[in-house]
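Below is one structure; the comments refer to it alone.
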Amino acid sequence: MLWEEIIAKSEKMGATPTQVFQEEVQKVLLTSLSRDEAFNHIVFQGGTALRLFYGNPRFSEDLDFVLKQDEMFDLTRNIPNMQTSVEDAFPFIEKASLDIQRNDDQMQRLVLKIRGRPFKRIRVHLELAYVPSYHNKPRVLDYPPLNPVVRVEEDHEILADKLVALGNRPYIKGRDVWDVYFLAKEKNITIPWDLVFRKARDYGTTPSNLKKNILEAMERLKKEGLSILHSEILRFMPKRTLDQYSENLREIVDAVVEIIRGGILEE
């Protein structure tokens, strides 16, 4: 893909060239993993999965993976092929390097750094958490002519993951707030609270602690949710889409608060 093609696509989408380029790189990485049959063992999830497979309008920076049940996988073995695939796909790249940031008994984290003349430095993180996905299936990525098959977590389980993240992190990410809204309201998915609390132990906590932490996050959302959402949605939403939602950010935060309150207090 040429830089001129990225510029043209960004103008058509109402996004920045950097956003479009980063997403094209993500597709190349997923294609490389699919070719190497990684998705016999791992599952694609998180914000980028929501965008590429479930129609979420916001861009996402990272590629997040978990394990198929009863599987293990070493993502570092795929580094050479992923790096070569990126360099081959974009002739204007000066250098692409894929380095290991973390490799322990809980997760692997890789970072792809790309340098080139037409753009600022691009980074894409790939993270494989050693926790299971319970609901997933193969899906075709819209990336012609290759159209690779990627094993993707079901949208209701991604919603459960987002609630776990709200409770487990010491801070709230605005992108998680948006994703909960998108899945629960735009996609009309009921939060699977049984799955949320099943995942508590996968992430090193207990259902009671997770419930307490989610309720505390809900209280923070009431006070700080608007500023948190606003700061991140400016980064991740295409301008044309943002223009449509900009007057409704308070309603989005309030909706997420009510989604949590209406479900978790009944558990």
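Would you mind finding the one in Asn213, Asn168, Asn209 that is farther than 29 Å from Gln19 by Cα and surrounded by 15 or more Cβ atoms within 10 Å (Cβ to Cβ)?
Details: Asn168 fails: farther than 29 Å from Gln19 by Cα; Asn209 fails: surrounded by 15 or more Cβ atoms within 10 Å (Cβ to Cβ).
Selected residue: Asn213, the only one of Asn213, Asn168, Asn209 that is farther than 29 Å from Gln19 by Cα and surrounded by 15 or more Cβ atoms within 10 Å (Cβ to Cβ).
Take the conditions without any contact (Cβ under 8 Å) to a residue 40 or more places away in the chain, buried (at least 22 other Cβ atoms within 10 Å of the Cβ) and touching a helix residue (DSSP H, G or I) at 6+ places or on another chain (Cβ under 7 Å) and apply them to Lys222. Does it pass?
Values: without any contact (Cβ under 8 Å) to a residue 40 or more places away in the chain: yes; buried (at least 22 other Cβ atoms within 10 Å of the Cβ): no; touching a helix residue (DSSP H, G or I) at 6+ places or on another chain (Cβ under 7 Å): yes.
It is false that Lys222 is without any contact (Cβ under 8 Å) to a residue 40 or more places away in the chain, buried (at least 22 other Cβ atoms within 10 Å of the Cβ) and touching a helix residue (DSSP H, G or I) at 6+ places or on another chain (Cβ under 7 Å).
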Checking the condition without any contact (Cβ under 8 Å) to a residue 60 or more places away in the chain and under 20 Å from the mean Cα position of the chain (by Cα), which residue from Leu30, Leu63, Leu67, Leu75 passes?
Leu75
Please count how many residues of region 1-56 are at pLDDT 95 or above, assigned to a loop (DSSP other than H, G, I, E, B) and crowded, with 16+ Cβ neighbours inside 10 Å.
3
Can you say whether Thr31 is of a type in the set (Val, Ile, Thr), within 23 Å of Ile7 (Cα to Cα) and out of contact with any Asp or Glu (no Cβ under 9 Å at 6 or more places or on another chain), as far as the supplied structure shows?
yes
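Regarding Glu61, is this residue acidic (Asp, Glu), under 24 Å from Lys95 (Cβ atoms) and surrounded by fewer than 21 Cβ atoms within 10 Å (Cβ to Cβ)? Even if it seems obvious, please write down each step before you answer.
Working: acidic (Asp, Glu): yes; under 24 Å from Lys95 (Cβ atoms): yes; surrounded by fewer than 21 Cβ atoms within 10 Å (Cβ to Cβ): yes.
Spelling it out, Glu61 is indeed acidic (Asp, Glu), under 24 Å from Lys95 (Cβ atoms) and surrounded by fewer than 21 Cβ atoms within 10 Å (Cβ to Cβ).
Of all strands (runs of 3 or more DSSP E) completely enclosed by region 79-193, which ones contain at least 2 residues that are touching a Gly at 6+ places or on another chain (Cβ under 8 Å)?
Numbers: elements: 93-103, 107-116, 122-133, 136-140, 149-153.
Here the list reads 93-103.
The values are calculated or read from the model by the stated rules, or taken from the named source; none is laboratory data. Predicted model only: the values in this text are computed from it and were never measured. Glycine gets a Cβ as well: all are built from the backbone with ideal geometry, and neighbour counts include every protein chain shown.
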